[in-house]
Every structure is written in structure tokens, then in C-alpha cells.
Amino acid sequence: MLSVLRKKPKPSSDSATICGTDLHILKGDVPEVQPGTILGHEAVGTVVEVGDAVTTLEPGDRVLVSCITSCGRCRFCKEGHYGLCTGGGGWILGHLIDGLQAELARVPFADTSVYKVPDELSDEQVLFLADILPTSYEVGVLNGDVQPGDTVAVVGAGPIGLAAIMTAKLYTPGGSSRSISRKPGSARRSSSARTS
């Protein structure tokens, strides 16, 4: 049940991110992570090898690796709550097993945890779908019960905050909703203003 991805020497072809979670791990805020664990749980890569149980991928496929792996069989995965996977998935990459900031990475449950990337899309166009945009949408917009016309207050204009502002606009693309963000840093404040 694995897929191996190769990080090509040119960063423009295969990409990984450094998430705020990785920074928390480096500061020691996530004690389950063993010293020496390769970090990273967001990437676009190229399949170079598949295990016997993998049926939907083949070497050469370009894929987006989700930050959350899914066994696809447990109750939570069947309900679409992959982060609660009890079958060995969940947030494991760069947490419980080596992550994606490496030349080669093993991705368990590849059939249900990676997504083929259409050739016409660049790494940069899809990379944020691995974690940042889905997290901001689920935690900020869905859990915040954002409705058309709402005024949305976002405390913190980091990547997740900016993505929450962007995804809140999905409910009112015509601009009749407002987003207000609060962040002391001037660079992020100006990014927030451009996003809202």
C-alpha cells in the first residue's frame, strides 16, 4: 500500500511546502515526532514505484499528496472524516512517519491519499490543495458557518488566515460579504487587504 515519489532536482517540477506545523515540530511543540523524522506533509511529486496493493497509480503519474492519509475502510474514512482515520492513516506524514521534504517519500494508502494532477496545471496551482486551502475552508468557513452576506472576522493573516478570507468569498463571489482581518505585521496586512 505505498507509492514512492521522487523529488526532482529542479524545484519547479516537484514541490513541497514548509507548513506552520513543521515550525511547531521544530520548536518541540509536537512531542510525538521523534528526533530525525523527515518533516513535510504537503507536496506534488512523481510516482516512481508502487506497491502491490496500489491499483490506481503507476510510475510517471504526477500527484498531489494530501496532508491526511486515508485507509479508505474505517468508519471515519467512509464518512469523509479522514483526519480521524483509525485504520493507520490520518496525519502521519512528517509526524509519525517520515514526511515529504525528501528526495524519496513513501506514502501509505496511496490509492486513497494522493490525487493525479492534470498536465495543464502547475505545481504551484495545486500545491495549496494539499493542506492550506482545505484546512482554512473546513476549520474557518464550514465550522464558522459562513453564509452569503456575512461579515467574516479573521484573527491572524498568516497563510491559513489569508486562505480563510479567500475561501469565505466562495459563498459570496459578487462581493456582498466583508472580511476583516487583524494582524500586526504590515506585509501580511497588505496581503490581507488585497485578498478581501
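The values are calculated or read from the model by the stated rules, or taken from the named source; none is laboratory data. All values reported here derive from a predicted model rather than from experimental measurement. Neighbour counts run over all protein chains shown; Cβ positions are idealised from the backbone, glycine included.
Selection of helices (runs of 4 or more DSSP H) fully inside region 105-196 by the criterion of at least 2 residues being modelled with pLDDT under 85 returns 186-195.
All conditions but one from (1) in contact (Cβ under 8 Å) with a residue 24 or more places away in the chain; (2) part of a helix (DSSP H, G or I) apply to Thr56; the one that does not is (2).
In region 31-54, the residue that is farthest from Pro134 (Cα to Cα) out of those that are β-branched (Val, Ile, Thr) and in contact with a helix residue (DSSP H, G or I) (Cβ under 6 Å, 6 or more places away or on another chain) is Val54. Only residues that are touching a strand residue (DSSP E or B) at 6+ places or on another chain (Cβ under 8 Å) and buried (at least 18 other Cβ atoms within 10 Å of the Cβ) were counted across region 71-86, and they come to 2. Of all residues in region 63-76, none that is not assigned by TED's automatic domain parsing to the domain that holds Val107 has its Cβ atom under 6 Å from the Cβ atom of a residue that is crowded, with 20+ Cβ neighbours inside 10 Å, 6 or more apart or on another chain.
Among residues that are out of contact with any Phe, Trp or Tyr (no Cβ under 6 Å at 6 or more places or on another chain), outside the structural domain of Val47 (by TED's automatic domain parsing) and either free of Cβ contacts under 8 Å to residues at least 60 places away in the same chain or closer than 17 Å to Thr46 by Cβ (or both), Val114 is not included.
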